[in-house]
1. For residue 16, what charge total do you get from the other residues with a beta carbon under 14 Å from its beta carbon, if Lys and Arg give +1 and Asp and Glu give -1?
2. Figure the gain on full extension for residue 44 and residue 170 (residue separation times 0.36 nm, minus the Cα-Cα span) and round it to one decimal in nm.
3. Using the 10 angstrom Cβ neighbour count as an exposure proxy, how do 87, 117 rank, fewest first?
4. Label-point separation (nm) for residue 120 and residue 83, each offset 7 Å from Cα along Cα-to-Cβ?
5. Name the residues whose placed amide hydrogens come within less than 5 Å of the amide hydrogen of residue 26, ignoring near sequence neighbours (fewer than 5 apart) on the same chain.
6. For residue 135 and residue 12, what is the calculated FRET efficiency with R₀ set at 41 Å and r taken between the beta-carbons, to the nearest 0.05?
7. When the helix-only estimate is applied to the chain (DSSP H runs of n ≥ 4, each -39,500 (n - 2.57), divided by the residue count), what is the mean residue ellipticity at 222 nm, nearest 500 deg cm²/dmol?
8. Mind listing the phi-derived Karplus ³J(HN,Hα) values for segment 21-31, rounded to whole Hz, using 6.51, -1.76 and 1.60 with θ = phi - 60°, and x for any glycine or proline?
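No lab work stands behind these numbers, since they all come straight from the coordinates. Since we're looking at a predicted model, the values are computed, not measured. Note that we place each Cβ from the backbone using ideal geometry, even for glycine, and neighbour counts take in every protein chain shown.
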Amino acid sequence: MPQEPEAAGPVAFAVPDQGYEDGGFELDIARSYGTQVEADLVVRAEAEMPPRASVIAAIGDPAKQAQAGVVEGEGLWWLATFDGIRIPYAITDAALVYYTQVLDAFRHGDFEPSKGIVMQKASLSYTASVRHEESVEIEGRSFEGVDVVTMSLSWSQYCGGECAMGFHKERTVVFDAAGGVVAVFGDGETPYLVS
């Protein structure tokens, strides 16, 4: 007799699913999973940090590293900053913590994260989902019997007139049948729009 799938229970996400709209400040964090195993894969995908050496190489010379606010020994998921706000190299749980804290600061009138630039509006939207694939091709690579976690993060901030910045980032983490990470897609430079 087939067993029922394990029910999704409490999951220890670094930033839980939540949402609010408070004046011009909006947050929407939502994950889709059906079982505890799938929820655990989402947690593991979010915890997957990019290799520090790869991020450092992408940033470039030490002057650019200093400008980006690189701290020795700290997990590095961002590539640059704009008006004090980090631009991601990868979507991670640390990135989610950062952006939710910045948004919360803005909502409460604290604009230290943006170097004192007063934001009239800001928003963070994040989704994550997991699916099992018997056979799938991602960016020209073929995988068999894998679980695929897809993450999507959008950030925008507006300080009036022609004073805004925003970006959209996606990341895909592929797990084999044993739960090991076999590939990560989407890490690297993130184009951002400014006005």
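1. -4
2. 43.8 nm
3. 117, 87
4. 1.1 nm
5. 122, 123, 124
6. Here the calculated transfer efficiency is 0.80.
7. Calculated from helices alone, the mean residue ellipticity at 222 nm is -6500 deg cm²/dmol.
8. 9, 10, x, x, 10, 10, 10, 8, 10, 9, 10
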